[in-house]
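Working notes, structure below.
The values are calculated or read from the model by the stated rules, or taken from the named source; none is laboratory data. Here the structure is a predicted model, which means the values were calculated and not measured. Heads up, the Cβs are rebuilt from the backbone with ideal geometry, glycines too, and the neighbour counts pull from every protein chain shown.
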Ligand code: DHB
């Protein structure tokens, strides 16, 4: 924290650890700012007021992480001004409050005239020393609670902070995408009240207007089965698993159809999505991604499962019927298409918009291609500790305890531990895993779910199964939310890309 700011905060009685009878530690001080500037990629300078190192709970446990920064552009957008809240949580680890970057959505949001908030939050590796002992502070759900407390702070101080706290957009990638999905799904749920009260969070609502989720690593207690059900086809091929790993993979995969069917999802045409037809449903998103990439000028290799045709007479044949390419329905291998961006060069697309089409996809072949680009996780992909290897995953760590001991969070992995197998999770863990899963809130009366969602998961991102974002997006669509969902072509595990697309979507939600 900037020293000038500490002095200003103490003078104003805001954001300090001490809470005297007459001051409100959670009151925002509009005078406690420094002036800052960013140079954007196009050379434009964006100037702003920076309010940094603000504690957002009254009972601060971890002063390194439980702070937020607020940036107010000198040129505010006209009309109602959104508040763009970006979390930099990754790997379920702790994250400090950061300053905006010209390279990601925070800089762009400032340029658009939006208020930006970047909260820190506790996570799997945050510790404090208490009575001479190291205490881990960020076990789940604590990181999420911190972010919810930050949202409450923004609402609590709505009259003092520029921007409209009814227009909060949350944004994060990977574990941060999971956090964003939870912020979007769990607004005002009573399930978090007792924790937030204990932390001294502001007494205010914590629902948000929109959640932007890049490759959310979520639905953690089903993610293992979803991974094996999808990628099991590669076990004896590119994944090259041992017999013991294949046995675990098969057992996990066998649990997935019942889960898929239990979701009761429906497609856009109202038909039921079941384990039987799920792969066709998924293929629809991948075909759409490939088709868009072709239209934008990308080349797609003919070796990764897609088939193509070219119709000389226009879309779908215009009476003559589609003509096969002279090379036998194979797109000519110009480059290998693998490094192409999800949006092409824009000028001179090599793809003919009216006559070239993606016609089909051999899903197993495509999944093998994905696994070739980045080796897959081994089963179980998430709750892995103690099953075939001892190493804890980021998820085992964040579900650990105050002593920093990682823990299992699924019955499956507990039962399959090589050392001390147990029958089932204890009640407390069942509760912790439940309140860390957005799927438990969407379409229920338990929370205020954000009306707007922007969800992206790269078409070659193997950090979690495609089922995770597809189910999340579909459940939201089925519950009537405004959802913009895509699997962008050729994108690996990453976020805050194609900011033009994101910010034009944001504008559509504000109309
Ligand atoms: C992240 C990536 C993972 O593969 C995972 O299991 C958890 C978190 C991340 O990048 O945040």
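What residue, of 49, 75, is loosely packed, with under 13 Cβ neighbours inside 10 Å and in contact (Cβ under 8 Å) with a residue 24 or more places away in the chain? Steps first, answer last, please.
On the way: 49 fails: loosely packed, with under 13 Cβ neighbours inside 10 Å.
Step by step, each of 49, 75 is checked, and only 75 is loosely packed, with under 13 Cβ neighbours inside 10 Å and in contact (Cβ under 8 Å) with a residue 24 or more places away in the chain.
One residue is enough: does segment 416-436 have a residue meeting the conditions within 16 Å of the ligand (Cβ to nearest atom) and either under 23 Å from residue 294 (Cβ atoms) or surrounded by fewer than 22 Cβ atoms within 10 Å (Cβ to Cβ) (or both)?
Here is the first cut: in segment 416-436, the ones within 16 Å of the ligand (Cβ to nearest atom) are 433, 436.
If we keep only those that are either under 23 Å from residue 294 (Cβ atoms) or surrounded by fewer than 22 Cβ atoms within 10 Å (Cβ to Cβ) (or both) too, we end up with 433.
Yes: one or more hits.
If I ask for residues that are within 13 Å of the ligand (Cβ to nearest atom) and in a helix (DSSP H, G or I), which ones from segment 372-411 would you list?
394, 395, 396, 397, 398
Could you check residue 286 against (1) surrounded by fewer than 24 Cβ atoms within 10 Å (Cβ to Cβ); (2) assigned to a loop (DSSP other than H, G, I, E, B) and say which number it fails?
(2)
Under the condition of being over 14 Å from residue 457 (Cα atoms) and surrounded by 24 or more Cβ atoms within 10 Å (Cβ to Cβ), which residue from segment 153-179 is farthest from the chain's Cα centre (by Cα)? Show your work before the answer.
Step one: filter segment 153-179 for residues over 14 Å from residue 457 (Cα atoms), giving 153-170, 179.
Now narrow it down to the ones that are surrounded by 24 or more Cβ atoms within 10 Å (Cβ to Cβ): 153-154, 163, 168-170, 179.
Working: 153: 22, 154: 21, 163: 24, 168: 16, 169: 13, 170: 10, 179: 7 Å.
My answer is 163.
Checking the structure you have, find out if any residue of segment 120-129 is modelled with pLDDT of 95 or more, in contact with a helix residue (DSSP H, G or I) (Cβ under 9 Å, 6 or more places away or on another chain) and either over 19 Å from residue 399 (Cβ atoms) or surrounded by fewer than 24 Cβ atoms within 10 Å (Cβ to Cβ) (or both). Walk me through it before giving the result.
First, the residues of segment 120-129 that are modelled with pLDDT of 95 or more: 120-129.
Remaining after also requiring in contact with a helix residue (DSSP H, G or I) (Cβ under 9 Å, 6 or more places away or on another chain): 120-126.
Keeping just the survivors that are either over 19 Å from residue 399 (Cβ atoms) or surrounded by fewer than 24 Cβ atoms within 10 Å (Cβ to Cβ) (or both) gives 120, 125.
The answer is yes, given that some residue of segment 120-129 is modelled with pLDDT of 95 or more, in contact with a helix residue (DSSP H, G or I) (Cβ under 9 Å, 6 or more places away or on another chain) and either over 19 Å from residue 399 (Cβ atoms) or surrounded by fewer than 24 Cβ atoms within 10 Å (Cβ to Cβ) (or both).
Suppose we filter 473, 450 for residues that are in contact with a strand residue (DSSP E or B) (Cβ under 6 Å, 6 or more places away or on another chain), away from the ligand (no atom under 14 Å from the Cβ) and assigned to a helix (DSSP H, G or I); which single one remains?
Numbers: 450 fails: assigned to a helix (DSSP H, G or I).
When all the criteria are applied, what remains is 473.
Going residue by residue through segment 76-84, is there one that turns out to be closer than 16 Å to residue 151 by Cα, within 16 Å of the ligand (Cβ to nearest atom), modelled with pLDDT of 95 or more and in contact with a helix residue (DSSP H, G or I) (Cβ under 9 Å, 6 or more places away or on another chain)?
No.
All but one of (1) more than 16 Å from the ligand (Cβ to nearest atom); (2) touching a strand residue (DSSP E or B) at 6+ places or on another chain (Cβ under 8 Å); (3) in a loop (DSSP other than H, G, I, E, B) hold for residue 216; which doesn't?
Checking residue 216 against (1) more than 16 Å from the ligand (Cβ to nearest atom); (2) touching a strand residue (DSSP E or B) at 6+ places or on another chain (Cβ under 8 Å); (3) in a loop (DSSP other than H, G, I, E, B), the one that fails is (1).
What pairs come up if the first residue lies in segment 166-177 and is within 16 Å of residue 150 (Cα to Cα), the second is within 15 Å of the ligand (Cβ to nearest atom) and assigned to a helix (DSSP H, G or I), and their beta carbons are under 7 Å apart, counting only those six or more places apart or on different chains?
Sorted first by the residue in segment 166-177, then by its partner, the pairs are 170/180; 171/180; 172/179; 172/180.
Condition check ((1) touching a strand residue (DSSP E or B) at 6+ places or on another chain (Cβ under 9 Å); (2) at pLDDT below 95; (3) within 16 Å of the ligand (Cβ to nearest atom); (4) part of a strand (DSSP E or B)) across all residues:
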site: 161; (1), (2), (3), (4): yes, no, no, no
site: 181; (1), (2), (3), (4): yes, no, yes, no
site: 184; (1), (2), (3), (4): yes, no, no, no
site: 208; (1), (2), (3), (4): yes, no, no, no
site: 226; (1), (2), (3), (4): no, no, yes, no
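Pick from 62, 146: which is touching a strand residue (DSSP E or B) at 6+ places or on another chain (Cβ under 9 Å), in a helix (DSSP H, G or I) and modelled with pLDDT of 95 or more?
Details: 62 fails: in a helix (DSSP H, G or I).
Within the list 62, 146, the selection yields 146.
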